[in-house]
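The values are calculated or read from the model by the stated rules, or taken from the named source; none is laboratory data. Computed from a predicted model, the values in this text were never measured in an experiment. For neighbour counting, all protein chains shown are included, and Cβ atoms are generated from backbone atoms with ideal geometry for every residue, glycine included. Remember, those area values only see protein heavy atoms, side chains included, never the ligands or the DNA or RNA. Shrake-Rupley method; radii C 1.70, N 1.55, O 1.52, S 1.80 Å.
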Amino acid sequence: MAEQLGFTIRQRDIRPLDFILSLIDALAGDGNCDTQADLHRKFNDSSYAPC
């Protein structure tokens, strides 16, 4: 509802392939992923490239 009224604006699009690959990398990588914040950090490190 807030998005339809214009209160929120998407800052970037999350592509499903990048998301899945970062999850696989985080969970099967070095075993250093204990929290949701770790997953978020790994996603930002591995897939986000400014346009």
- Note on the structure: Those residues of region 25-45 that are farther than 24 Å from Gln11 by Cα and either hydrophobic (A, V, I, L, M, F, W, C) or open to solvent by less than 50 Å² (accessible area, probe 1.4 Å) (or both) come to a total of 4
- Query: What's the number of the condition Gln36 fails, among (1) at pLDDT 85 or above; (2) in contact with a Cys (Cβ under 9 Å, 6 or more places away or on another chain)?
  - Reply: (2)
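Among the hydrophobic types (A, V, I, L, M, F, W, C) and at pLDDT 85 or above, is that true of Ile9? Quick ask: steps written out before the conclusion?
Working: among the hydrophobic types (A, V, I, L, M, F, W, C): yes; at pLDDT 85 or above: no.
So Ile9 does not fit the description; no.
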